[in-house]
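Following: one structure in structure tokens, then a few remarks.
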Amino acid sequence: MVGAFNCQGGGWCREKRDMLPSPIHCVPCSTRVSPQDIEWNHGSSFKLDRGSFAMYSKKFAKIFILDVGESINMTLKPLEYDIVTIAPLLRDIAKDVYFAPIGLLNMMNSGGCVESADLNGNLMKVRGEGQFCVYASCQPKICKLDGDITNFIYNSGDGRVLVEVPWKVEPTTLELCF
């Protein structure tokens, strides 16, 4: 994940006990976020030399699909922030479908709940509860949680698959069948 923060123009107000913008220093900040902002090689054999990525912007609740060298532009007003989850697109070889686990949308670090994702299939291990988001290049026929068929929502506009994951002590296995 990548965090982008515009901390300019703010200060602590003792009376309201909150951060408030300072009118003379309130300016929007612009930046770019890319898959290259992640240290992919740190402690792993994954190489960031090619491929596509799903990037989920928490602030805009939007999924972007980018190649490794591309980036998204964002402008943040004073005291605004965005958390962008970046996940490599994985491929279901049998169906030629791409997917990427984004994670639990109720978590600040949504991707932190993903324990594993099958690099050649469509299985994910998830720890936690809430609305789990997966990017999929086409609508799944079935979604399974721990082997049982469950309801899901598919947004064809951005490829978002949403599944409610209940709390369990052990990780939940999520499977998308295309």
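Under the Karplus relation 6.51 cos²θ - 1.76 cosθ + 1.60, θ = phi - 60°, what is the ordered set of whole-Hz ³J(HN,Hα) values for the range 143-160, x standing for Gly and Pro?
10, 10, 10, 6, x, 9, 5, 9, 6, 8, 10, 10, 9, 5, x, 10, x, 7
Within 10 Å, count the other beta carbons around each residue, average over each peptide in 80-91, 60-71, and list them highest first.
Sorting 80-91, 60-71 by mean packing, highest first, produces 80-91, 60-71.
Dipole of the chain (Lys/Arg Cβ +1, Asp/Glu Cβ -1, origin at the Cα centre): which of LEU176, GLY3, PHE53 lies farthest to the positive side?
GLY3
Using Cα pairs closer than 8 Å and at least 6 residues apart in sequence, work out the relative contact order for the range 64-157, in percent.
The value is 21 percent.
Search the structure for amide H atoms under 5 Å from the amide H of SER52, placed 1.01 Å from N in the peptide plane, and list their residues when 5 or more places away or on another chain.
Here the answer is LEU89, since their amide H atoms fall under 5 Å of that of SER52.
If I compute solvent accessible area with a 1.4 Å probe over the protein chains, what percent of it on the chain is carbon and sulfur?
C and S fraction of accessible area: 51 percent.
Placing unit charges on C-beta atoms (Lys and Arg positive, Asp and Glu negative, everything else neutral), compute the dipole magnitude of the chain about its Cα centre in debye, rounded to 20.
380 debye
May I ask you to derive the relative contact order of the chain, considering only C-alpha pairs under 8 Å and at least 6 residues apart, and to give it as an integer percent?
Details: 413 pairs, mean separation 32.3, N = 178.
Once divided by the residue count of the chain, the mean separation gives 18 percent.
With every protein chain kept in place and ligands, DNA and RNA left out, what is the accessible area per residue of the chain? Probe 1.4 Å, answer in Å².
Result: 57 Å² per residue.
If you compute Rg and Dmax of the Cα atoms in Å for the structure shown, which of (1) 38.2, 125; (2) 18.3, 61; (3) 15.9, 52 do you land on?
Answer by label: (2).
Taking the Cα centre of the range 86-166 as origin, sum charge times position over the Cβ atoms of Lys and Arg (+1) and Asp and Glu (-1), and report the length of that vector in debye to the nearest 20.
Approximately 120 debye in magnitude.
The values are calculated or read from the model by the stated rules, or taken from the named source; none is laboratory data. No experiment lies behind these values; they were computed from the predicted model shown. No Cβ is skipped: glycine too gets one built from the backbone with ideal geometry, and neighbour counts run over all protein chains shown. Just so you know, the surface numbers come from the protein's heavy atoms only, side chains and all, with ligands and any DNA or RNA stripped out. Shrake-Rupley method; radii C 1.70, N 1.55, O 1.52, S 1.80 Å.
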